[in-house]
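A short worksheet on the structure shown next.
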Amino acid sequence: MYLADSRAGKAPAAPDTGTRPGRRGPAVPGTVLALGAVSLITDISSEMVTAVLPLYVVAALGLSPLGFGLLDGINNGVGALVRLAGGHLADRGGRRHKVVAGVGYGLSALCKPLLLLAHTLPVISAVLALDRTGKGLRTAPRDAMISLSTPPERLGRAFGVHRAMDTTGALLGPLAAFAVLWVTVDGYDAVFAVSGCVAALGVLVLVLFVPRQVAPRHRTPRPDAGGPEAPGPRATLRDSLALLRRPALRRLTLCAVLLGLTTVSDSFLYLLLQRELRLPVHLFPLLPLGTAATFLLLAVPMGAVADRVGRRRLFLAGHGFLLLGYGLVLLASGEADASVVVAVLVLHGAFYAATDGVLAAATARVVPAEHQGAGQALVGTGQALARFVCSLAFGAAWTLWGGRTALAVTAAALVAAAVAASLVLRTADEVPA
């Protein structure tokens with residue numbers, strides 16, 4: 001791993017790119033690798049808790065599945081809204097991205113041992129809300145640092161590498177949780193304690209290896225970006241909200257919201273897959289690992305493809321993978337078929353690889369350097385809230401019509417949303433960087 005802060009003391013004219021005069025720099029800057037390591041370690045910690053939390057609150061504490069669903073939904077909404085504040089705060093006072101991200105990572109690390117003291121619904125809700133607040137605070141500043149430290153023509157690859165490292169943590173976290181449960185007596189408390197230690201390690205890596213400030217790379221103003229990008233020393237809240245006046249960012253946010261409204265949550269998709277194919281219950285925990293493994297393998301290649309063909313084009317195409325996955329679930333014969341399960345999980349992982357980091361890279365190209373945090377937050381929050389609405393609507397549709405019918409309606413809506421999104425972006429077709 002690059003020692004990203006080894007160059008922090010140099011003049012601003014020599015930002016962290018890992019290059020030497022006259023030489024072509026590495027494909028991925030050291031800052032991106034350092035942030036990827038932080039995300040990998042933090043995701044191990046987070047996924048350790050996520051893997052056991054449903055069983056803990058339902059089996060150990062007696063909370064109903066409906067209660068847990070509402071709890072998780074509310075806390076996800078909190079995280080999405082706090083992301084706006086995180087992006088704005090990071091842009092103020094000369095780009096305090098590392099400070100705000102550090103506060104976010106620190107809050108999440110603090111929440112893990114606090115779960116040892118949480119034995120009632122109000123306390124658990126408060127702890128999880130604090131954890132989501134930390135996640136919301138750190139997401140936009142982290143993506144802003146990736147954007148500012150990367151040459152424009154390599155943004156897709158850089159975000160792909162980061163998401164691949166992040167997903168590695170998502171794969172290792174559940175495995176670590178199951179290992180702790182296997183070797184301990186009071187398993188849940190041990191998982192929370194180990195998770196807290198791992199999260200603290202992630203904060204330490206952030207402090208030691210991520211530079212205090214990331215000098216922005218030069219970005220050529222885009223013809224559709226809504227005007228020249230005049231750098232300013234201090235971003236105000238009005239400036240952050242005014243970013244939506246930029247046609248390119250407004251169109252990108254609208255597309256993210258439209259497509260987010262038709263993106264079924266992972267849990268619902270896995271549950272439908274298990275029920276429609278009548279998979280054994282003990283195999284259910286393995287389904288998320290299939291998606292994560294595919295995401296890990298494809299994140300970097302998809303990012304490189306996005307740099308060549310256009311990030312917004314690939315973002316739209318990625319939803320085609322999701323639509324194919326919906327179709328395979330709808331066509332399931334009702335008998336366990338390993339090939340169908342594998343195909344759906346591969347398509348699901350490919351969808352994330354073609355959309356997650358790619359959307360962040362596309363956002364970075366239409367937002368000025370001094371507003372990277374706020375720009376990432378606006379797009380990310382719009383998408384997260386849209387997906388939250390989709391989850392609520394899909395749950396209600398499943399209750400009224402059944403899972404298969406609800407998914408068929410969602411698939412039809414996804415087709416309509418994709419057509420609308422392509423029309424919205426037609427006037428702002430991105431030229432490959």
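The values are calculated or read from the model by the stated rules, or taken from the named source; none is laboratory data. This one's a predicted model, so the numbers in the text were calculated from it and none came from an experiment. Quick reminder, even Gly has a Cβ in these numbers, built from the backbone with ideal geometry, and neighbours come from all protein chains shown.
Remarks
- Residue within the range 338-346 that is under 26 Å from residue 139 (Cβ atoms), assigned to a helix (DSSP H, G or I) and within 24 Å of the chain's Cα centre (by Cα) present: yes
- Any chance residue 89 is closer than 30 Å to residue 383 by Cβ, crowded, with 18+ Cβ neighbours inside 10 Å, modelled with pLDDT of 75 or more and hydrophobic (A, V, I, L, M, F, W, C): yes
- Candidate set: the range 282-296, residues that are crowded, with 16+ Cβ neighbours inside 10 Å and under 18 Å from the mean Cα position of the chain (by Cα); chosen: the one modelled with the lowest pLDDT: 288
- Verdict on residue 31 being at pLDDT below 80 and either over 15 Å from the mean Cα position of the chain (by Cα) or in a helix (DSSP H, G or I) (or both): no
- The condition of being surrounded by 18 or more Cβ atoms within 10 Å (Cβ to Cβ) and either at pLDDT below 95 or out of contact with any helix residue (DSSP H, G or I) (no Cβ under 8 Å at 6 or more places or on another chain) (or both) holds for only one of 307, 337, that being 307.
- Residue 150 fulfils the conditions (1) over 22 Å from residue 109 (Cα atoms); (2) of a type outside the set (Phe, Trp, Tyr); (3) in a helix (DSSP H, G or I) except for a single criterion, (3).
- The residues in the range 406-433 that are buried (at least 19 other Cβ atoms within 10 Å of the Cβ) and either in a helix (DSSP H, G or I) or at pLDDT 95 or above (or both) can be counted, and the count is 9.
- Single residue of the range 259-279 satisfying the filter (surrounded by fewer than 19 Cβ atoms within 10 Å (Cβ to Cβ) and without any contact (Cβ under 8 Å) to a residue 24 or more places away in the chain) that is farthest from residue 175 (Cα to Cα): 274
- All conditions but one from (1) buried (at least 17 other Cβ atoms within 10 Å of the Cβ); (2) without any contact (Cβ under 8 Å) to a residue 24 or more places away in the chain; (3) of a type in the set (A, V, I, L, M, F, W, C) apply to residue 117; the one that does not is (1).
- Residue match in the range 176-185 (condition: modelled with pLDDT of 90 or more and surrounded by fewer than 16 Cβ atoms within 10 Å (Cβ to Cβ)): no
- Members of the range 141-155 found to be crowded, with 24+ Cβ neighbours inside 10 Å and either within 15 Å of residue 41 (Cα to Cα) or touching a Lys or Arg at 6+ places or on another chain (Cβ under 6 Å) (or both), listed by number: 142
- Looking only at the range 370-384, and only at residues there that are under 14 Å from the mean Cα position of the chain (by Cα) and aliphatic (A, V, I, L, M), the one that is modelled with the lowest pLDDT: 384
- Checking the range 295-307 against the condition returns no match, with no residue being touching a residue at least 24 places away in the same chain (Cβ under 8 Å), over 20 Å from residue 43 (Cα atoms) and in a loop (DSSP other than H, G, I, E, B).
- Search result, residues across the range 358-405 that are assigned to a helix (DSSP H, G or I) and of a type in the set (Val, Ile, Thr): 358, 363, 379, 381, 389, 399, 405
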